[in-house]
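Worksheet: the structure to be examined is printed underneath.
Nothing in this text is a laboratory measurement; each read-out follows from the coordinates by a stated rule. Here the structure is a predicted model, which means the values were calculated and not measured. Every residue, glycine among them, receives a Cβ derived from its backbone with ideal geometry; neighbour counts consider all protein chains shown.
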Amino acid sequence: MTTTEHLSVVPDAEVSFIGTERGLETELIPRAGYRLHTVDMIPFDPALGAKRYLLPAALMRSAHQAKAVIRQQGARIAVGMGGYPSAPAVLGARLAGLPAVIHESNAVPGRANRFAARLTPHIAVAFDRSRGQLAGGSRAVTSGMLISAALSRLAELAPADRAALRTAARRDLNVPPGRRLVVVNGGSLGAARLTEAAVGLAALWQQSDDVQPLIKTGPAALTEAMAGLATRGGHRVARAVPYLDRMDLVYAAADLVVCRAGSATVAELAATGVPAVLVPYPYAPGDHQTHNARVLSDAGAGLLLPDEGTTAERLAELLEPLLADPARLAAMTGAADPGPHARAAELLASHVLNVAGFPLPKP
């Protein structure tokens with residue numbers, strides 16, 4: 001929620017986290033060295049059926065739990081980053097008489113943030129198009145979407161330095177000179193539809209000597225993907241990996257990316273200018289991935305491909321003309337609006353500290 005620079009401005013500042021015992025935060029936050037305080041919140045999800053009638057009581061119970069944490073920690077402000085655990089934190093801050101900031105990461109706000117926006121005037125958004133769907137959204141600060149420090153550095157490189165990094169990155173990823181690198185990225189857990197289509201695409205391209213697919217499968221699908229590549233001949237041109245640890249190198253080396261349209265991925269592509277074919281996850285709440293994808297497709301920086309139409313043959317139809325037209329790829333790169341994503345951590349931290357009443361140095 002804050003950056004190292006701003007912690008040095010407020011050297012005694014501490015960051016604590018509130019979440020639930022069911023989310024990824026139970027692993028990620030302690031691993032990062034922070035304490036996680038848990039509350040008994042349930043999702044803002046109509047699929048709960050009759051259990052959804054328990055939501056008001058669960059919200060009030062968890063808000064009072066959050067209020068107790070806030071007071072015990074001596075907090076000055078609460079920051080809700082979206083998702084159902086953030087609603088009790090924002091409401092808990094209000095019950096404690098403290099300010100709160102919410103950050104909306106998607107082009108379509110989630111249920112928790114649509115609720116939380118009614119509890120605080122302090123709103124930050126990743127994409128401007130979400131403003132009109134939040135109470136008080138006209139007052140929102142556009143902070144961008146937080147991306148990794150490595151990708152922020154990549155986004156801000158001068159053209160000559162970017163070219164040098166591209167050469168080094170392609171060497172690191174074993175991409176021979178003259179080959180186009182197509183990265184198929186299904187997210188942290190992979191995406192079965194994208195992996196299946198990519199394996200089929202590699203089979204179609206197995207005799208090509210000018211293209212190299214790199215398929216991120218997620219750990220669960222790696223063995224099956226590798227077997228599919230070997231059986232169908234795609235192993236001649238493609239490589240499957242469970243993870244991509246250095247996304248800065250991947251984006252620096254890639255000519256084209258095929259991926260889902262989570263807010264972080266869209267922000268990374270916008271900031272780095274990598275052309276993309278975006279395949280929104282069709283079951284995302286509010287179809288928010290489609291709206292995220294349109295941030296790029298409406299600008300001409302990406303193409304939107306529905307999940308149900310994502311086959312090897314359809315990918316080939318879309319990708320082959322792009323890969324054969326460097327001028328069009330360059331135009332897509334130029335059409336990407338980098339926005340404030342590379343500085344999102346700094347901008348959001350400044351906003352939070354300002355609302356909390358910490359004096360900040362003038363730029």
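Among PHE17, PHE358, PHE127, which comes first, second and so on when ranked by fewest other beta-carbon atoms within 10 Å?
The fewest-first ordering by Cβ neighbours comes to PHE358, PHE17, PHE127.
State whether the stretch 149-339 is rounded, prolate or oblate according to the following rule on the C-alpha gyration tensor (a ≥ b ≥ c being the square roots of its eigenvalues): a/c under 1.5 gives rounded; otherwise a/b larger than b/c gives prolate, and the remaining case gives oblate.
Rounded, because the longest to shortest axis ratio a/c is under 1.5.
Given the rule -39500 (n - 2.57) for each run of at least 4 DSSP H residues, summed and divided by the residues of the chain, what is its mean residue ellipticity at 222 nm, to the nearest 500 deg cm²/dmol? Before the final figure, lay out each step's value.
Numbers: 15 runs with 155 residues, N = 363.
Taking each H run of at least 4 residues, the total per residue is -12500 deg cm²/dmol.
Given a Förster distance of 25 angstrom, what is the FRET efficiency for VAL15 paired with SER148, based on the Cβ-Cβ distance and rounded to 0.05?
The calculated FRET efficiency here is 0.90.
Specify the residue with the greatest mean-square fluctuation among VAL277, VAL141, VAL15, computed from a Gaussian network of the chain linking alpha-carbon atoms under 10 Å apart.
Greatest mean-square fluctuation among the candidates belongs to VAL15.
Can you tell which of ARG171, ARG31, ARG76 shows the greatest fluctuation in a Gaussian network model of the chain with Cα springs below 10 Å?
Looking only at ARG171, ARG31, ARG76, the largest GNM fluctuation is found for ARG31.
Based on the mean of other beta carbon atoms within 10 Å per residue, what is the order of 283-289, 300-306, most packed first?
Ranking, from highest mean packing down: 300-306, 283-289.
Within the stretch 247-356, report the trypsin sites (Lys or Arg not before Pro) that DSSP leaves as loop and that have at most 14 other Cβ atoms within 10 Å. Write down the numbers at each step before the final one.
Values: sites: ARG260, ARG294, ARG314, ARG328, ARG343; in loops: ARG260.
The qualifying sites: there are none.
In which sequence would ILE18, ILE29 go, from the one with the fewest C-beta neighbours within 10 Å to the one with the most?
With the fewest neighbours first, ILE18, ILE29 line up as ILE29, ILE18.
Expected output is a single nm value to one decimal: the length gained when fully extending between ARG118 and ASP287, i.e. 0.36 nm times separation in residues minus the C-alpha distance. What is it?
Between ARG118 and ASP287, full extension yields 58.6 nm more.
Under the definition of Cα pairs under 8 Å and six or more residues apart, what whole-number percent is the relative contact order of the stretch 149-339? Show your work: numbers first, answer last.
On the way: 348 pairs, mean separation 42.0, N = 191.
Contact order relative to length: 22 percent.
Add +1 for every Lys or Arg and -1 for every Asp or Glu among the other residues with Cβ under 12 Å from the Cβ of ALA202, and state the total.
With Lys, Arg at +1 and Asp, Glu at -1, the net is +2.
I need the P(r) histogram for the stretch 142-249: all alpha carbon pairs, bin width 5 Å from 0 out to the longest distance, whole percents.
Whole-percent P(r) values from 0 Å outward: 2, 12, 20, 19, 19, 14, 9, 4, 1, 0.
Once you list every other residue whose beta carbon is under 14 Å from the beta carbon of LEU173, what net charge do they have if Lys and Arg are +1 and Asp and Glu are -1?
+4
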